[in-house]
Amino acid sequence: MDSEELLEYMPEYYDGVYEMEELLKAQGRALTANDETQEQILSNQFVLTAGETGVKAFEEQLGIIAKPNATLEERKQQIILESAPPQPLTKNYLYASSANLLGMNVRFEINTALRTVTAYATGNISEAQTENLRDWLYHILPVNMLLVVRIYFTTQSSNLQAFASMAVSFKSGLVSAAETSQI
């Protein structure tokens, strides 16, 4: 409620009384600030609408250490991945979760005899998405399964530098855009 709206509720016998008008204007500003604070508190209760303080509170509750260069959206994504409820590990769950939670097109091959899961990610993939995929798979896969992630880049020039640090933990297959279209 702003100060002008509060003045509309002023009784007629206060019309022209300077002190009453100023008092209602000041109270209106205080009520506006209070409404904004309440909206901020409400939005911080939900990961998708949380601001910086809300995300920080979620990270503290879940024991997540934020990366110094991570954006607010990347931090929200990490919270969602960390707090996702456990599900039966099926191919359908893997496909749906990788699309919904990670926003990536990932193809999975599961070899139960060798106890391996191979994830093939194609497209324009950011470093944060790659780390989220790795962390999510480490989080949901059983300990006795081996994880192999293959990333096929469609634009090598920008992504090669971004993923140089990831090459240690992933077996990355580098192909050009023309080769990717043939897969």
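The values are calculated or read from the model by the stated rules, or taken from the named source; none is laboratory data. What you are looking at is a predicted structure, and each value in this text was computed from that prediction instead of being measured. For neighbour counting, all protein chains shown are included, and Cβ atoms are generated from backbone atoms with ideal geometry for every residue, glycine included.
Okay, here's what the table says:
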item	result
Strands (runs of 3 or more DSSP E) wholly inside the stretch 69-183 containing at least 2 residues that are modelled with pLDDT of 55 or more and touching a Phe, Trp or Tyr at 6+ places or on another chain (Cβ under 6 Å)	116-123, 146-153
Of residues in the stretch 47-62 being surrounded by 11 or more Cβ atoms within 10 Å (Cβ to Cβ) and assigned to a loop (DSSP other than H, G, I, E, B), the one nearest to the chain's Cα centre (by Cα)	47
Residue within the stretch 49-62 that is farther than 30 Å from residue 82 by Cα and among the basic types (Lys, Arg) present	no
Among (1) closer than 30 Å to residue 144 by Cα; (2) under 14 Å from the mean Cα position of the chain (by Cα) - the single one residue 72 does not satisfy	(1)
Condition met for residue 43 (hydroxyl-bearing (Ser, Thr, Tyr) and under 15 Å from residue 133 (Cα atoms))	no
Close pairs (6 angstrom Cβ cut-off, 6 or more residues apart or separate chains): on the phi < 0 side of the Ramachandran plot in the stretch 5-16, surrounded by 10 or more Cβ atoms within 10 Å (Cβ to Cβ) and of a type in the set (Gly, Ala, Ser) anywhere	6/28
Residue 65 vs. criteria at pLDDT 85 or above and loosely packed, with under 13 Cβ neighbours inside 10 Å	yes
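Here's the yes/no breakdown for (1) modelled with pLDDT under 90; (2) of a type in the set (Gly, Ala, Ser); (3) under 21 Å from residue 102 (Cα atoms):
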{"site": "21", "(1), (2), (3)": "yes, no, no"}
{"site": "25", "(1), (2), (3)": "yes, no, no"}
{"site": "29", "(1), (2), (3)": "yes, no, no"}
{"site": "41", "(1), (2), (3)": "no, no, no"}
{"site": "44", "(1), (2), (3)": "no, no, no"}
{"site": "58", "(1), (2), (3)": "no, no, yes"}
